[in-house]
């Protein structure tokens, strides 16, 4: 949704408020950065998350200062960036980055319903490793008591996207310097089995491409 | 440097204040997230950066609200995270992430010396694409006038690092669930030449592995 906070000062044409653009970015990104302020001092924590409909969930230890601070309900800014490519122009000035980013302004809502808490933990687990949750033993009451789940509305979310090649000045296009894009991608490499898990076959849901 | 701000509430054993640990993380990461607060409202912007000694540089348009806000010298928190692997335990609770992160508390110093400004832009360019700067036409006075360069001290920086396999509860280690690590890596894929740059050979400095 476009609000004064989500209206950028620059590159307005790159900004989007549609769920059709925002949700796939959130679903592809593995981690977000949660920024908050304590007495005017900004703090930032990278963490795992998951989206469900128009809500974003994070979790953490009930003892974490970070979690205890933001669960008070102060303003939070959640940022996510997928770096898709380095954009090399013929001038330094026109170098750029292809990216898909999302910024969310929201306040934490502490989730207290036990079913929703469990569902959020399943979503966060399966967001990182699709199919994992169903392969795990049930989470215990003791583990649940040690865990805080926070939800954030996506109502005030915006996305910024750059795609395509470099945009060089007309005077520069014939310079003999290579110009183009170096795509970037986060890859999943060959899994490494834990010592105490030798002999257990890698499950199908992990043998996914990339 | 350990200060109250850089002392974590949890996982203290994972925290480091040594340049030997902090600098390589900064040098490997391509982007950072700059968090700041305006009237208590946290804001966060992902951006490129480079390190030189004990300083971190970013740059931006002189017209950017973000740049104009933080150049006032208010407190800033810069966060960087390299996600190295998904750590799969036999319980959801013990799932984790291997990562190397850095948090920097600092205030922006606007760089005014023209030599240092140019050096910072070269460092930022070469940080993303080592060797690129020397291949580019000189940056013009006009381009320099449109660009703000900000420096941040790394004096109050800390790193947090998790490595290794999962740590399961003793009661869980014999469960028939696969446990281990799925390594993550940001890869550079095959470069895509711009339409107006066809026929210009890809320079050696781009044909680097990964």
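Looking at segment B:6-13, can you tell me whether even one residue there is in contact with a helix residue (DSSP H, G or I) (Cβ under 8 Å, 6 or more places away or on another chain), surrounded by fewer than 18 Cβ atoms within 10 Å (Cβ to Cβ) and assigned to a helix (DSSP H, G or I)?
no
Pull up segment B:125-149, narrow it to residues that are more than 9 Å from chain A (Cβ to nearest Cβ) and either on the phi > 0 side of the Ramachandran plot or under 15 Å from the mean Cα position of the chain (by Cα) (or both), then point me to the one that is surrounded by the fewest Cβ atoms within 10 Å (Cβ to Cβ).
Ranking the qualifying residues of segment B:125-149, first place goes to B:131.
Taking residue A:176, is it part of a loop (DSSP other than H, G, I, E, B), more than 8 Å from chain B (Cβ to nearest Cβ) and surrounded by fewer than 16 Cβ atoms within 10 Å (Cβ to Cβ)?
Taking the combined requirement at face value, the residue does not satisfy it.
Could you figure out which of (1) at pLDDT 95 or above; (2) within 31 Å of the chain's Cα centre (by Cα); (3) more than 7 Å from chain B (Cβ to nearest Cβ) isn't true of residue A:189?
For residue A:189, the exception is condition (3).
So how many residues does segment B:106-124 have that are free of Cβ contacts under 8 Å to residues at least 24 places away in the same chain and away from chain A (no Cβ under 12 Å)?
Qualifying residue count, segment B:106-124: 3.
When you go through A:30, A:56, A:26 one by one, which is the residue that is at the interface with chain B (Cβ under 9 Å from one of its Cβ atoms), under 13 Å from the mean Cα position of the chain (by Cα) and closer than 25 Å to residue B:103 by Cα?
A:30
Just one of A:170, A:183 is at pLDDT 95 or above, more than 7 Å from chain B (Cβ to nearest Cβ), farther than 23 Å from residue B:174 by Cβ and surrounded by fewer than 20 Cβ atoms within 10 Å (Cβ to Cβ); which is it?
Only one candidate qualifies: A:170.
Among (1) more than 12 Å from chain A (Cβ to nearest Cβ); (2) not in a helix (DSSP H, G or I), which single condition is residue B:20 missing?
So the condition that residue B:20 fails would be (2).
Step by step: first the residues of segment A:75-102, then only those that are facing chain B (nearest Cβ under 7 Å) and either under 17 Å from the mean Cα position of the chain (by Cα) or under 18 Å from residue A:26 (Cβ atoms) (or both), then the one that is surrounded by the fewest Cβ atoms within 10 Å (Cβ to Cβ). Which residue is that?
Checking each candidate, the answer is A:83.
The values are calculated or read from the model by the stated rules, or taken from the named source; none is laboratory data. Bear in mind that the values here come from a model prediction, so they are computed numbers and not experimental data. Backbone-built Cβ (ideal geometry, glycine too); neighbour counts: all protein chains shown.
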